[in-house]
């Protein structure tokens, strides 16, 4: 099912909206995701104790660790990796504000 919205807001505020592994902050444009420490596929519950807030890089690394231990499904780390590759780990708002996009050319 996944973590409910109210739980994400409360947990994010408790972590200052920073990656718990490296300290990258959402306010600095880093994309953060909630992670089940014990995966749902392994019976992990949607609780604060089983929750972790991570940047895309560390979220991918966690899934890779779990996959190597035979706990996580390979597609989980693949999906996180695709988001990481596509965005460079940054939010769309940060990308729009900080990366110059050339104006369309008229033909």
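Some notes on this structure:
- Residue 53 vs. criteria in contact (Cβ under 8 Å) with a residue 40 or more places away in the chain, in contact with a helix residue (DSSP H, G or I) (Cβ under 8 Å, 6 or more places away or on another chain), under 25 Å from residue 86 (Cβ atoms) and surrounded by 14 or more Cβ atoms within 10 Å (Cβ to Cβ): yes
- Close pairs from segment 22-33: first more than 12 Å from residue 57 (Cα to Cα), partner in a loop (DSSP other than H, G, I, E, B) and modelled with pLDDT under 90, Cβ under 7 Å, at least 6 apart: 29/91
- Selected residue (criterion: modelled with the lowest pLDDT) from residues of segment 1-19 that are part of a loop (DSSP other than H, G, I, E, B) and over 22 Å from residue 85 (Cβ atoms): 1
- Here is the figure for segment 21-39: residues that are surrounded by 14 or more Cβ atoms within 10 Å (Cβ to Cβ) and either within 22 Å of residue 93 (Cα to Cα) or at pLDDT below 95 (or both) total 13.
- Hey, residue 72 part of a loop (DSSP other than H, G, I, E, B), surrounded by 11 or more Cβ atoms within 10 Å (Cβ to Cβ) and at pLDDT below 85 or not: yes
The values are calculated or read from the model by the stated rules, or taken from the named source; none is laboratory data. What you see is a predicted model; the values in this text were computed from it and never measured. Note: ideal-geometry Cβ built from the backbone for every residue, glycine included; neighbour counts use all protein chains shown.
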